[in-house]
Amino acid sequence: MSDEPGDAAPSGGTESTESAGSGSDDARDRMATALAEIRREAWKAAVTAAVVEAAALFLASNLVLAALDPSWLPDRLLVPASATEPVGSALGRDLGTVAVPGSATVAAGVGALALAVGIWLRVRKPLVEQFEAVNPGVAEKLRTARDAVDADADSRMARRLYGEVLADLRESSSVGLLNVARLGAVAVAVAALSLATVQVAVVDLALFDRPQPATDGAADEPENYTGLLDGDRILGDREEVSTGDENQTAEIESSGGGRDVAENRTFPDRGSSGAGGGSSGAVDSQQAGFAAPEQVEDADLVREYNRRIRDDTGDGGGEDGDGDRGSDDGST
Amino acid sequence: MQDDPDTDDVDALQRKLATAREEVGERIVGQREVLERLFVCILADGNALLESNPGLGKTTMVRTVAEVTDLAFSRVQNTPDLMPSDITGTEIIRERDDGREFVFEKGPIFANVVLADEINRATPKTQAALLEAMQERQVTAGGETYELPDPFFVLATQNPIDQGGTYALPEAQTDRFMFKLLVEYPEADEERDIVDLYTSRSRQVPVEQVLTHEEIREAQELVREVPIAEDLRDRAIDLVRRTREAEAVEFGASPRASMALVVASKARAFLHGRNHVSEADIEALAAPVLRHRIILDFRAERDGQTPDDVIADLLE
């Protein structure tokens, strides 16, 4: 932002007015140019302030939505294909289905609205009048010069006024159009909100739990992510591990068998496994249960197992009735 | 911008006006405000009605202004037996070698600066003749029309006391005066200076001529060119219009007052060396422009309000 709107004049007052004859038009044109520059500066100031405030509002909205996590807000919003296709074609690749976070989308909408409202509020008052308000020293003559330019005044006194105003504008500033204190405060707020947004994105400061959908505790349901956990808390205190200096012999004995483990052993195939090859005691078959709704596909398998167990029991327990397939106490 | 040949002339003219005011100030102690408004009135090409008690230096002031500006000065002492022709002039028979002929003998109104002393002592017929000439800037006699000199400035005085045997100016005629100026008694120190100045010298304090006719006319043209912001112009108009609606005012000011306020504001700005009219110009000149153009309601008069009080209220 230029400090001196008067600099918008194509040339300084001294040089341009030395050329007699064209001086009358020059003065008015330079004044008109300076007024246009003032309006541009006021626009810049309005947009700058509105953008900063809109950014703050965007971040604040995003933060609040992320923290509250309202149930009505979907996690992600699908971008219509009509919007993504042109972009994809421009990039030369298929973007597929594009989804954006719901909270960020709503916050962006709030920010855009705040930007539009902020600019409108600042430019609804005539821009040159705003400049006059922050430069009271030049206000009255600038206001008069503005009206004189609008009226296409080109008298000697009007030309003197234009020259005087242009000279004064070089000493004036458009910085006053910005409320620096307010802008600074909002900038600080933007920085703080940015940090808070990062914090929420990493740690998830959800203030209220989202209502969980009812589940039947199926094993294959993924656990809900509860955020990163403290590694030290899980692993315990760190301690040094030293190499042991004692050799101990571990001996494992088997019971119930009369042969070494290394001996050739035969195991029933998977199809004939069951209680029938076990101890000499009879094993009563039991009806295996299953959760019909979830594992209907296992019903036939269970039924087949039951059938085989009954068959084995019926024909004497197989080739080795004393239970070579395993001991009764389960030792091997 | 100040190096533009045109505007260099303007600077020189404004400097001369400032010098002229200083010259008049050499002879007139105090009365700065009245003096400034006299110059404003001249620059705005208007006429002024001065109201003051006797002995406050009105004649000296006007005569001094005429001296420093190289303007022809004449004085008319109004009395009840003064005839219109005594002011405007009359045709007289003059003897010549080839016979007699009617010749128009110009009256005292044919001057650049005319001091019409105690105008309210002249009969309405004479007042009307004077004011008509003042307005029309011409005099018609014997079927001939005679232009009054340019610049032309009438300063009429009237006495606020001793109203016996006077003919108050009708509102329609007071409206033709751009300003009504009130000359107040000087402060104690100013009166001391006046006494010292005029009792220690045998001759009047000399003053130099600073401005010429042409320069006065040029200044009057430049005054009309001084730009005024639209909102200030509207404020002047609004102020005048509100005099017609104010409760304390029975009759308000005419559009002539609006024109007078704007052009006088321009003249004051020019006199102060500015290239634009400021709000202070309008506020400073509202009372002199409006005080003789409004008639207060009897309730306001009963409450002791003056036109200046009402105008001050309207300005707020």
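Observations on the model:
- Test: residue in the range B:45-59 that is modelled with pLDDT of 90 or more, closer than 22 Å to B:E118 by Cα and part of a helix (DSSP H, G or I): no
- Scoring A:R122 on the criteria (1) of a type outside the set (A, V, I, L, M); (2) within 14 Å of another protein chain (Cβ to nearest Cβ); (3) touching a helix residue (DSSP H, G or I) at 6+ places or on another chain (Cβ under 6 Å) leaves a single failure, condition (2).
- All conditions but one from (1) among the acidic types (D, E); (2) closer than 30 Å to B:S258 by Cβ; (3) without any contact (Cβ under 8 Å) to a residue 40 or more places away in the chain apply to B:D162; the one that does not is (2).
- Any hit, the range B:267-277, residues being touching a strand residue (DSSP E or B) at 6+ places or on another chain (Cβ under 9 Å), assigned to a helix (DSSP H, G or I) and either within 15 Å of B:F39 (Cβ to Cβ) or modelled with pLDDT under 95 (or both): no
- Any hit, the range A:131-146, residues being assigned by TED's automatic domain parsing to the domain that holds A:G163 and part of a strand (DSSP E or B): no
- Checking the range A:151-165 against the condition returns no match, with no residue being out of contact with any helix residue (DSSP H, G or I) (no Cβ under 7 Å at 6 or more places or on another chain), in the same structural domain as A:E37 (by TED's automatic domain parsing) and assigned to a helix (DSSP H, G or I).
Per-residue answers, yes or no, for (1) in the same structural domain as B:F73 (by TED's automatic domain parsing); (2) part of a strand (DSSP E or B); (3) loosely packed, with under 14 Cβ neighbours inside 10 Å:
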position: B:V154; (1), (2), (3): yes, yes, no
position: B:A172; (1), (2), (3): yes, no, yes
position: B:E184; (1), (2), (3): yes, no, yes
position: B:E190; (1), (2), (3): yes, no, no
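- Residues satisfying the stated conditions in the range B:268-286, i.e. closer than 25 Å to B:D11 by Cα, aliphatic (A, V, I, L, M) and in contact (Cβ under 8 Å) with a residue 40 or more places away in the chain: B:A269, B:L271, B:V277, B:I282, B:L285
- Residue in the range B:206-219 that is outside any helix (DSSP H, G or I) and of a type in the set (K, R) present: no
- The lone criterion from (1) within 26 Å of B:E136 (Cβ to Cβ); (2) surrounded by fewer than 20 Cβ atoms within 10 Å (Cβ to Cβ); (3) within 14 Å of chain A (Cβ to nearest Cβ) left unmet by B:L43 is number (2).
- Residue match in the range B:131-144 (condition: part of a strand (DSSP E or B), more than 20 Å from the chain's Cα centre (by Cα), surrounded by fewer than 16 Cβ atoms within 10 Å (Cβ to Cβ) and touching a residue at least 12 places away in the same chain (Cβ under 8 Å)): yes
One line per residue, one yes/no per condition, for (1) farther than 30 Å from A:V165 by Cβ; (2) outside the structural domain of B:L181 (by TED's automatic domain parsing); (3) of a type in the set (A, V, I, L, M); (4) without any contact (Cβ under 8 Å) to a residue 60 or more places away in the chain:
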site: B:E230; (1), (2), (3), (4): no, yes, no, yes
site: B:K266; (1), (2), (3), (4): no, yes, no, no
site: B:P288; (1), (2), (3), (4): no, yes, no, no
site: B:I295; (1), (2), (3), (4): yes, yes, yes, no
site: B:G304; (1), (2), (3), (4): yes, yes, no, yes
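- Members of the range B:195-228 found to be touching a residue at least 12 places away in the same chain (Cβ under 8 Å) and either basic (K, R) or farther than 26 Å from B:F152 by Cα (or both), listed by number: B:L197, B:R217, B:R224
- Index of the failed condition, B:R176 passing every other in (1) surrounded by 14 or more Cβ atoms within 10 Å (Cβ to Cβ); (2) part of a helix (DSSP H, G or I): (2)
- One residue alone among A:L169, A:L142 is within 14 Å of chain B (Cβ to nearest Cβ) and either under 30 Å from B:Q220 (Cβ atoms) or surrounded by fewer than 12 Cβ atoms within 10 Å (Cβ to Cβ) (or both), and that residue is A:L142.
The values are calculated or read from the model by the stated rules, or taken from the named source; none is laboratory data. The shown structure was predicted, so the numbers you read here are calculated from the model rather than taken from an experiment. A quick note on method: Cβ atoms are made from the backbone with ideal geometry, for glycine too, and the neighbour counts reach across all protein chains shown.
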